[in-house]
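The values are calculated or read from the model by the stated rules, or taken from the named source; none is laboratory data. Because the structure is a prediction, the values reported are computed rather than measured. Note that each Cβ is placed from the backbone with ideal geometry, even for glycine, and that neighbours are counted across all protein chains shown.
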Amino acid sequence: MRTWWRGTALVAERAFAENVRSRSFKVVTGLLLLLSIAAVTVPQLIGNDGTTYTIATRGTAPAGVVAGLNAAGKSADFTVKYISRATTDAVRLAVKDGSATAGLADGTLYTAAKSDGTFPVVIGQTVVALETTRQLSEAGLSSRQVADLQSIRPPRQVVVGRVENESRAGVGFAVGIVLYLALTFAGSAIATTVATEKATRISEVLLAVLRPSQMIVGTVIAVGTLTLGQLLVLTAPLAVAVQLTDKIGLPPVASGDIWLAVAWFGLGFTLYAFLFAATAAMVDKVTEVSSAIMPVTTILIVGYMVGVTVVMTDPTGGWSVAATIFPLTAPLTMPIRWASGEVPVWQLVLSMALTAGTAVLLVSVAASVYRRALVITGRRVKLRELLGNRSGS
């Protein structure tokens, strides 16, 4: 066993060095690093100072209105600026020319034609509350009784939607894209490496001193390590930043979703990497790689499309549950569904266990196909030729 791993390590080292020296690896890694830095630093530079509204009033703004709006702004993360005008027409003009978001004069509230409606509603509520307090006091209620009436809270608001947290769901969508691209690029890299070695007869030289299983495992380890490193370059800074600051605009729980996505990449890569290697070993020319790996790539595409069209639309639906449990689609769909906040932990554990078990089975089948296809040269090998009589390596 020690000798087997020593040979596998040599293959992995060789494949690792060749991929690291390639221009595409350097370019992709550099772009991922820049993207990660931008995702962390840009929100910090822009900041999150909230929204600023301006209200124009005739004369000095009433103290009660100022106190009420400032209190509302503190709880809703917006600030209010106050400007005074001498006449009602001047207040109206300030709103019309955009100098003010809203205007208040002589019991009338002026709003812009294209106002979003939020700030004027707050002003209206504030004015109503002040007038209600005045009339209750004039009716003979004590200040304590007025305060008790104003302390009545509205019903608890529960937002009912497809997901528990829209920002977190956005992370799930992004994770789905990144995982799809990572698995596709890694698979293509493995397939190209295998096909190149076979077309240039390098594999024949290696087979003289190594077992086919050492060659396929070494290649998969090398490419998997490089792709995982690229994935960490992209995700690690963002995951840490989400946990440490709220200026990224994502909930802290999204950090766990990002780390979970890395784990899913490991499972998905193990599941598909050996299939990519086995199908690439069946070709005789590097130019045939794309068509050879198309069935495997199609499964990835289907999994991704199901994730963004079915799972994101209805995370708790029957088809969504099935897609996130089925091993071949789980690596792309479960991270998206998990970010919806609607997945029981037992379903996550079951999905990961089934995916890992399926990966082990596919490794055995793919290694056998790889071993037998690698020694057939001069023509493209058909799958039925290789599955008829499998033997161990």
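Details
- If only residues of segment 96-150 that are β-branched (Val, Ile, Thr) and closer than 14 Å to Tyr53 by Cβ are counted, the one that is modelled with the lowest pLDDT is Thr118.
- Listed by first and then second residue, the pairs with beta-carbon distance under 8 Å, at least 6 apart or on different chains, first residue in segment 289-301 and of a type outside the set (Phe, Trp, Tyr), second in a loop (DSSP other than H, G, I, E, B), are Val289/Val283; Ala292/Met282; Ala292/Val283; Ala292/Arg380; Ile299/Leu328; Ile299/Thr329.
- Screening Thr316 with (1) surrounded by fewer than 21 Cβ atoms within 10 Å (Cβ to Cβ); (2) in a helix (DSSP H, G or I); (3) not hydrophobic (A, V, I, L, M, F, W, C) gives one miss only, at (2).
- Counting only strands (runs of 3 or more DSSP E) that fall entirely inside segment 72-148 and contain at least 1 residues that are surrounded by 13 or more Cβ atoms within 10 Å (Cβ to Cβ) and polar (S, T, N, Q), the qualifying elements are 78-85, 108-111.
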